[in-house]
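Heads up: the structure comes next, in structure tokens.
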Amino acid sequence: MKAAVYVGESTALSLEQVKPNPPGPRDVIVEIGASGVCHSDLSIMRGYVPVPPGMVLGHEGAGRVVDVGPEVSRVKKGDRVIASFVPACGACWHCLRDQTELCERESDVSMAMRGSRPDGSPYFCMTGLGTFAETMTVDESSVVKVETDLPDAQLALIGCGVTTVTCTVPGSAMSLATTVAISCVGDT
């Protein structure tokens, strides 16, 4: 599969034919329909956020599930999903208390090696996603099923922009039933 791989700061991404690992028991394979480019991606490329080379960038995307591992219960083949850079396992202490932004599985999910590059070295994916690829293999806790006619290009933006707003309003009284307005102006 083709993927845009970060190879070092201040350099262009390398378009590579990478070889994904077979999906694990809780993995979901998603064919990417659209991916946004976030300021976080640009910050990594410019060297502002230190990460090692060999990372497929992209953390806001949407697409369709093409395969699932045997233990996956949240989605099935054919479902449309939005990638979530904040996994939510639904079973840890924080997830059970509606604090999914603190999910205890985040580090495991985010740092999983996902396959090999043409030179044989392993690659991993930004926030466990790697939406700058034709497909992504992710833990089921990193996708959210959607039932809508909205195009993937619009859905992709929800996975970062909307999630960031709801996770960064400290001390707010927001709950699942809260209505919010999101306004963005200018370039950050």
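Quick notes on this one:
- Search result, residues across the range 24-45 that are over 16 Å from the mean Cα position of the chain (by Cα) and not polar (S, T, N, Q): Gly24, Pro25, Met45
- Selection within the range 72-94 - more than 21 Å from Thr135 (Cα to Cα) and either touching a Phe, Trp or Tyr at 6+ places or on another chain (Cβ under 8 Å) or aromatic (Phe, Trp, Tyr) (or both): Trp93
- Tally of residues being part of a loop (DSSP other than H, G, I, E, B) and either surrounded by 15 or more Cβ atoms within 10 Å (Cβ to Cβ) or of a type in the set (Ser, Thr, Tyr) (or both) across the range 95-114: 3
- In the range 81-94, the residues that are surrounded by 14 or more Cβ atoms within 10 Å (Cβ to Cβ) and either touching a residue at least 40 places away in the same chain (Cβ under 8 Å) or out of contact with any helix residue (DSSP H, G or I) (no Cβ under 8 Å at 6 or more places or on another chain) (or both): Val81, Ile82, Ala83, Ser84, Phe85, Val86, Pro87, Ala88, Cys89, Gly90, Cys92
The rows are residues; the columns are (1) under 21 Å from Lys19 (Cα atoms); (2) small (Gly, Ala, Ser).
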position: Val81; (1), (2): no, no
position: Ala88; (1), (2): no, yes
position: Trp93; (1), (2): no, no
position: Leu102; (1), (2): no, no
position: Arg105; (1), (2): no, no
position: Asp119; (1), (2): yes, no
position: Gly128; (1), (2): yes, yes
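- Check on Tyr48, aromatic (Phe, Trp, Tyr) and either under 17 Å from the mean Cα position of the chain (by Cα) or within 17 Å of Val143 (Cβ to Cβ) (or both): no
- Matching residues in the range 6-18 - criterion: being within 26 Å of Arg105 (Cα to Cα) and at pLDDT below 95: Tyr6
- Val185 being of a type in the set (A, V, I, L, M) and either out of contact with any strand residue (DSSP E or B) (no Cβ under 7 Å at 6 or more places or on another chain) or at pLDDT below 85 (or both): yes
- Where strands (runs of 3 or more DSSP E) fall wholly inside the range 115-174, the ranges with 1 or more residues that are modelled with pLDDT of 90 or more, under 26 Å from Pro53 (Cβ atoms) and aromatic (Phe, Trp, Tyr) are 122-125.
- Taking the range 47-74 as the range and being of a type in the set (Val, Ile, Thr), surrounded by fewer than 17 Cβ atoms within 10 Å (Cβ to Cβ) and not in a loop (DSSP other than H, G, I, E, B) as the test, only Val66 passes.
The values are calculated or read from the model by the stated rules, or taken from the named source; none is laboratory data. Nothing here was measured: the structure is a model prediction, and the numbers come from that model. Glycine also receives a Cβ, built like all others from the backbone with ideal geometry; neighbour counts cover every protein chain displayed.
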